[in-house]
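Visitor: The structure is given below, and queries will be raised subsequently.
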Amino acid sequence: MSFSAVFKFDGGVAEGYEVVSSLYMFSQATDDKGRPSSAVQGGGIMVQVVSTDDRKLVELMMDPYRL
C-alpha cells in the first residue's frame, strides 16, 4: 500500500518531515476463549522520516522534560 504523509509538531520546521514508514500497535487483554476482556490499552507508534540537517526533532526526542 502506498501513502504520502508529513509529520509535523509544534516547534518543528513549518513544512514538516516526510514520512517514509509508520507502524502502530495497541494491546487488549483476552479471556481463555480469546474474547476481549479489557479496553484497548496503550501501545506504541513508530514513525520513520527522511533525514534532514534540522535538529529540532532529535532535540524533542532527547528532552526528558517533554512528553
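Visitor: How large is the Kirkwood hydrodynamic radius of the stretch 28-67, in angstrom, based on all distinct alpha carbon pairs?
Guide: Every distinct Cα pair counted, the radius reaches 13.8 Å.
Visitor: Something else now. Just to compare against my own numbers: the Cα pair-distance distribution for the chain, 5 Å bins, whole % per bin, please.
Guide: Pairs per bin, as whole percents: 3, 13, 18, 18, 15, 11, 9, 8, 4, 2, 0.
The numbers here are math on the coordinates, done by the rules we state, and not lab data. Note that the coordinates shown come from a computational prediction; the quantities given were computed from them, not determined experimentally.
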